[in-house]
């Protein structure tokens with residue numbers, strides 16, 4: 001598949017995800033997706049045999065893209081811990097805030113039906129990455145620091161998961177997540193400063 005065709009397919013999948021998020025799985029039709037993507041029904045069927053296959057592909061693409069971008073952010077040494085967490089959580093959760101309408105309440109069940117444990121596995125992988133980057137910022141590794149990193153990662157992940165659905169916009173999500181990250185990381189920063197003073 002050449003770059004032009006790959007970009008076209010990516011556009012179709014992103015459009016499909018937006019339509020599913022707006023209307024839900026049951027109420028979305030291939031015609032809805034084709035119209036929104038600006039292509040014909042035949043163009044959809046060149047790549048996907050039915051609605052279920054395009055739904056599966058669109059979800060898997062957003063998971064893959066989120067993990068890839070998240071890895072790049074968390075591995076960027078030019079960013080502070082809070083910046084890494086904010087950017088990664090915004091990419092994983094925030095970009096969906098305000099897009100999931102009440103009509104799309106059947107998406108979770110359909111994801112489970114079509115993809116099985118893929119969603120749960122990817123969420124677990126992302127949360128583990130958050131924990132590792134928080135742990136890496138600790139002054140020294142200890143049982144307590146590992147526990148603290150796990151708790152902070154769990155709290156931030158839970159907040160992101162909730163606010164993705166409850167926030168009316170990405171901006172609202174970003175404001176809340178910024179505050180949550182600052183509060184969660186405050187004790188880590190204070191501990192590091194105190195340790196640095198003692199060593200000096």
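Some notes on this structure:
- Screening residue 134 on (1) under 21 Å from the mean Cα position of the chain (by Cα); (2) in a helix (DSSP H, G or I); (3) surrounded by fewer than 15 Cβ atoms within 10 Å (Cβ to Cβ) shows it passes everything except condition (3).
- Hits in segment 40-63 (condition: surrounded by fewer than 21 Cβ atoms within 10 Å (Cβ to Cβ) and either within 25 Å of residue 169 (Cβ to Cβ) or touching a strand residue (DSSP E or B) at 6+ places or on another chain (Cβ under 8 Å) (or both)): 61, 62, 63
- Whichever residue in segment 86-116 is under 29 Å from residue 184 (Cα atoms) and either touching a strand residue (DSSP E or B) at 6+ places or on another chain (Cβ under 8 Å) or not in a helix (DSSP H, G or I) (or both) and, among such residues, is modelled with the lowest pLDDT: 100
- Checked across segment 27-34, the condition of being within 21 Å of the chain's Cα centre (by Cα), part of a helix (DSSP H, G or I) and in contact (Cβ under 8 Å) with a residue 40 or more places away in the chain holds for no residue.
- Residue match in segment 16-25 (condition: out of contact with any helix residue (DSSP H, G or I) (no Cβ under 8 Å at 6 or more places or on another chain) and either surrounded by 13 or more Cβ atoms within 10 Å (Cβ to Cβ) or in a helix (DSSP H, G or I) (or both)): no
- When every residue of segment 138-145 is checked against the conditions, none turns out to be at pLDDT 90 or above, assigned to a helix (DSSP H, G or I) and surrounded by fewer than 14 Cβ atoms within 10 Å (Cβ to Cβ).
- Unmet criterion (only one of (1) within 22 Å of residue 21 (Cα to Cα); (2) at pLDDT below 95; (3) more than 15 Å from the chain's Cα centre (by Cα)) for residue 172: (2)
- Selection status of residue 73, within 22 Å of residue 176 (Cβ to Cβ) and in contact with a helix residue (DSSP H, G or I) (Cβ under 7 Å, 6 or more places away or on another chain): yes
- Screening 108, 150, 88 for residues that are more than 21 Å from residue 24 (Cβ to Cβ) and free of Cβ contacts under 8 Å to residues at least 40 places away in the same chain leaves exactly one candidate, 150.
The values are calculated or read from the model by the stated rules, or taken from the named source; none is laboratory data. Fair warning: this is a prediction, and the values are worked out from it, not measured in the lab. Every residue, glycine among them, receives a Cβ derived from its backbone with ideal geometry; neighbour counts consider all protein chains shown.
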